[in-house]
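Report on the following structure.
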Amino acid sequence: MGSTSFWQAELSATGAPELSSGALRGVHEADVAIVGAGVTGTAAALWLARAGARVAVVEARRIAAGASGRNGGFLLCGTATGYTTASATYGRERARRIWGYGVTNHALAAALVREAHELGWDCGYARHGSLRVAASAGEMEELRQCVPLLLEDGWQAELVERDALPVRLRAAYHGAAFYPADGEVQPARYVMGLALLAQRAGAIFYGESPVTDVSETRGGVLVTSELGSIQARTAVLATNAWLPELGARLNASWLSSVLTPTRGQMLVTEPIPERLFACPCYADEGYQYWRQLADGRLAVGGWRNHSPASEAVADETPAQPIQQRLAGFVHDTLGLAATSVEHRWAGIMSFSRDGLPLVGRLPGTRHCYLAGGYTGHGNAYAVHAAHVLAALIQGEQDPDADLFDPARFLAADPPGPIDPNSKAGEPEGAQ
Ligand SMILES: Cc1cc2nc3c(=O)[nH]c(=O)nc-3n(C[C@H](O)[C@H](O)[C@H](O)COP(=O)(O)OP(=O)(O)OC[C@H]3O[C@@H](n4cnc5c(N)ncnc54)[C@H](O)[C@@H]3O)c2cc1C
């Protein structure tokens, strides 16, 4: 059945530019063929086209059809887990570098948003910080430890006591940490903005063209869809939740044991006259998230941990019991019993076994690269991840290239499995 997100519907209603050259038909050549046109694929197209490569993007549906056009729009920093847990799991220095990755990502994203704005394209970007809200006394205790650690490492964070929380949260929640550097976007418009910039730099987009095969040839890669193909020097796999399918074509079936497709659901209410929240909020280790849009609507998502079995699917159809929980937050927790829900949807994320993304060359191949497995946190990583990929593809060094190298899963002592429903596998932000 599927669904259309509020953002995708808004994009269509306000007139999205037609950037696609239609379906891929016939035989083409490119320097780089990119599979998937979400935030990863469009950003990779942009950086590579700007570096002078002939870039072709092949998308099964439309630009921003996947999770990138369906997410909460939170532009956060840091790992899937809180900073103390991340430091304990990955080591303090690695946790610091991961947070720095998000800071760089935000700076790159903000600059691109400005460029799009100069072309008359609004990505719905705002930077009012984010509030990580504690759903339990234990979570508040963790935030009390996170904040000084973040400050010590040079990042911005402030503790918020319960009596300073937004009024309607005070009964159910225990306090929060405020991260002033965070931001938000209208995710479908944001991805379309990246695609617009990529196209102006020379990238060609093909839509409605599911890639059926990727194979390495002498000196390059052949990317094949039903009606056409692209012979390229390099391929970038940017299909996130669908990476294991392409991996299987390239002798990388191990991807399916490292990446788990997981459904996330959201809703949007009618406009609410009262200004309830000044910035995006997330709680319960990132399982719950919400933000109030400029017109007063509430966008609410998450609560996946209340029914993990039903959400372990790659089906973009919104479903009970999660939708009931989302509405329950609006009607019961916030006390807005008369507020009606106007839009519901779902999207598919990709949770990695160690809670960190995979960015780099696909082990076992010479010409195929990938970025994905963002564990519900793609806006925090993807633009920078694509920048790292572009450097690697051009044979350049990047100081962050080692951080999320996919080869770590094939090392002698690979990171142990992380249950996507445990806290360690959870994003700090929306998921
Ligand atoms: C409900 C929800 C809320 C979320 N909230 C947030 C948030 O607030 N902040 C945040 O940072 N992250 C959030 N995320 C996660 C974020 O959306 C993802 O991490 C991110 O969008 C991944 O981007 P991507 O470009 O790698 O993948 P996608 O956007 O999923 O793009 C992959 C594309 O590949 C295409 N494709 C698949 N197979 C093929 C094929 N064979 N051939 C051609 N094309 C193919 C798909 O159609 C799709 O367009 C959320 C996700 C969901 C579902």
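In plain terms, the chain from E29 to T14 could stretch by 2.0 nm, reckoned as 0.36 nm per residue minus the Cα-Cα distance.
Would you mind counting up the charge near P17? Only other residues with Cβ under 13 Å from its Cβ, with Lys and Arg at +1 and Asp and Glu at -1. Charge balance near P17 sits at +1.
Could you give the nm distance between label points at V341 and A88, where each point is 7 Å from its Cα heading toward the beta carbon? Those two pseudo-labels are separated by 3.4 nm. Scanning residues 5 or more positions from G175 or on other chains, those with amide H under 5 Å from its amide H are A134, with H placed 1.01 Å from N in the peptide plane. Two numbers describe the Cα atoms of the chain: Rg and Dmax, which are 20.5, 65 Å. Computed from the Cα positions only, the extents of segment 112-248 along the three principal axes stand at 62, 39, 30 Å, in decreasing order. Rounded to the nearest 0.05, what FRET efficiency do T317 and T212 have when you use their Cβ-Cβ distance and R0 = 30 Å? That pair, T317 with T212, gives E of 0.80. Per-residue extension of 0.36 nm, minus the Cα-Cα distance of L119 and S21, leaves a gain of 33.2 nm for this segment.
For T262, neighbours were defined as the other residues whose beta-carbon sits under 9 Å from its Cβ, and their charges (Lys and Arg +1, Asp and Glu -1) total +1. Mean residue ellipticity, 222 nm, helices only, the chain: the sum of -39500 (n - 2.57) across DSSP H runs of n ≥ 4, divided by residue count and rounded to 500, is -8500 deg cm²/dmol.
Between Q145 and Q324, full extension at 0.36 nm per residue minus the direct alpha carbon distance yields a gain of 61.1 nm.
The overall shape of segment 191-264, judged from the alpha-carbon gyration tensor, is oblate: a/c is not under 1.5, and a/b is no greater than b/c.
So what's the net charge close to A171: Lys and Arg +1, Asp and Glu -1, counting the other residues with Cβ under 12 Å from its Cβ? Overall, the nearby charge balance is +1.
From most to least packed by mean Cβ count within 10 Å, the peptides 376-386, 235-245 give 376-386, 235-245. Computed over the chain with a Gaussian network model linking Cα atoms closer than 10 Å, the most mobile of Q320, Q145, Q231 is Q320.
Just so you know, all these numbers are worked out from the coordinates, no wet-lab data involved. Everything numeric in this text was worked out from a predicted model, so none of it was measured. FYI the Cβ positions are ideal-geometry reconstructions off the backbone, even for glycines, and counts take in every protein chain you see.
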